[in-house]
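Take a look at the structure set out below.
The values are calculated or read from the model by the stated rules, or taken from the named source; none is laboratory data. Keep in mind it's a predicted model, so treat the numbers as computed, not measured. Neighbour counts run over all protein chains shown; Cβ positions are idealised from the backbone, glycine included. SASA here: full protein model, heavy atoms, side chains in, ligands and nucleic acids out. Shrake-Rupley method; radii C 1.70, N 1.55, O 1.52, S 1.80 Å.
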Amino acid sequence: DQVAREIVQAQSQVKSRHRQLATAEGAIQSASDSYEKNVARIREGQGLPLEALQSMQALDLARREYLRVVTDYNESQFRLHRALGYQTPTEFEAATRQEIIAKVA
């Protein structure tokens, strides 16, 4: 029962972290777009340097958050591999799809 519970929890974490990746990627894209627009406005003489600085800080924050999410995602994948009984990623990659399904089921 404990092994099954660990597998279910690890699988749930992997799915959750995967969804967070998409959100973090979107945040980077939005921050990057904002930065580019602010720099363009400054070049046209319409924007303030402070606006570009703020968007640069937002981009930095978004990139840091993405890095955190990727790290958490990798960690959750590792936990799932361990819960499935694989000691190393190489063992997991070598397993057949049927073996993995049998262990999860």
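Inspect the range 59-67 for any residue being open to solvent by less than 100 Å² (accessible area, probe 1.4 Å) and out of contact with any helix residue (DSSP H, G or I) (no Cβ under 9 Å at 6 or more places or on another chain) and give the result as yes or no. It would help to see each step written out before you state the result.
Of the range 59-67, the ones open to solvent by less than 100 Å² (accessible area, probe 1.4 Å) are 59-60, 62, 65-66.
Next, only the ones that are out of contact with any helix residue (DSSP H, G or I) (no Cβ under 9 Å at 6 or more places or on another chain) stay: none.
Scanning the range 59-67 turns up no residue that is open to solvent by less than 100 Å² (accessible area, probe 1.4 Å) and out of contact with any helix residue (DSSP H, G or I) (no Cβ under 9 Å at 6 or more places or on another chain).
Mind checking which residues of the range 15-27 are in contact with a Phe, Trp or Tyr (Cβ under 7 Å, 6 or more places away or on another chain) and open to solvent by less than 40 Å² (accessible area, probe 1.4 Å)?
LEU21, ALA24
Tally up the residues in the range 28-57 that are open to solvent by less than 100 Å² (accessible area, probe 1.4 Å) and more than 21 Å from the chain's Cα centre (by Cα), please.
The number of residues fulfilling the criteria is 14.
Specify which of the listed residues (LEU80, LEU84, LEU61) is among the hydrophobic types (A, V, I, L, M, F, W, C) and modelled with pLDDT of 95 or more.
Working: LEU80 fails: modelled with pLDDT of 95 or more; LEU84 fails: modelled with pLDDT of 95 or more.
Step by step, each of LEU80, LEU84, LEU61 is checked, and only LEU61 is among the hydrophobic types (A, V, I, L, M, F, W, C) and modelled with pLDDT of 95 or more.
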